[in-house]
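Single-structure report; data block below.
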Amino acid sequence: RVSLLMRAAESSEGEVRRYTREMRGTPEGGKFWGRKTDEKWGEFAEGDAGKFDKDDLIEAKFPGTDDWYSAQVMRYVGKGDWIVMWMDDMPEECEDQ
């Protein structure tokens, strides 16, 4: 099991940190998927950036809960943050994911 560092849906810098279906094709959605880092990440990287590689299957806590769900690593965006795609059925209050 892996506990990913998850924070609020929006950071103090106004960065979108949680993607929902409603964001598809919007400027907000573009900002979310546009996040990236110049750091090397994945199999040959060190520190936080080397913990996972693209498409790794993991278990992670869903933001704002103590519940663990299966997820697939999509991208490292720097500062210990990862974009993951949740694989399990989410709780009802999270169905916008």
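The values are calculated or read from the model by the stated rules, or taken from the named source; none is laboratory data. Since the model is a prediction, treat every value here as computed from it, not as a measurement. Cβ sites come from the backbone with ideal geometry, for glycine too, and all protein chains shown count toward neighbours. These area figures cover heavy atoms from the full protein model, side chains too; ligands, DNA and RNA do not enter into them. Shrake-Rupley method; radii C 1.70, N 1.55, O 1.52, S 1.80 Å.
Annotations
- Criterion violated by Glu43 - all others in (1) modelled with pLDDT under 90; (2) exposed (fewer than 12 other Cβ atoms within 10 Å of the Cβ) satisfied: (1)
To keep it simple, each residue is scored yes or no on (1) loosely packed, with under 12 Cβ neighbours inside 10 Å; (2) at pLDDT 95 or above; (3) of a type outside the set (D, E, K, R).
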{"position": "Met6", "(1), (2), (3)": "no, no, yes"}
{"position": "Ser11", "(1), (2), (3)": "no, no, yes"}
{"position": "Gly14", "(1), (2), (3)": "yes, no, yes"}
{"position": "Thr20", "(1), (2), (3)": "no, no, yes"}
{"position": "Glu28", "(1), (2), (3)": "no, no, no"}
{"position": "Phe32", "(1), (2), (3)": "no, no, yes"}
{"position": "Arg35", "(1), (2), (3)": "no, no, no"}
{"position": "Asp48", "(1), (2), (3)": "no, no, no"}
{"position": "Lys54", "(1), (2), (3)": "no, yes, no"}
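- Any chance Arg24 is open to solvent by 70 Å² or more (accessible area, probe 1.4 Å), out of contact with any helix residue (DSSP H, G or I) (no Cβ under 8 Å at 6 or more places or on another chain) and modelled with pLDDT of 90 or more: yes
- Residue match in the stretch 36-48 (condition: within 13 Å of Val84 (Cα to Cα) and of a type outside the set (Gly, Ala, Ser)): no
- Residue under evaluation Gly78, criteria (1) open to solvent by less than 40 Å² (accessible area, probe 1.4 Å); (2) touching a strand residue (DSSP E or B) at 6+ places or on another chain (Cβ under 9 Å); (3) modelled with pLDDT of 90 or more, criterion not met: (2)
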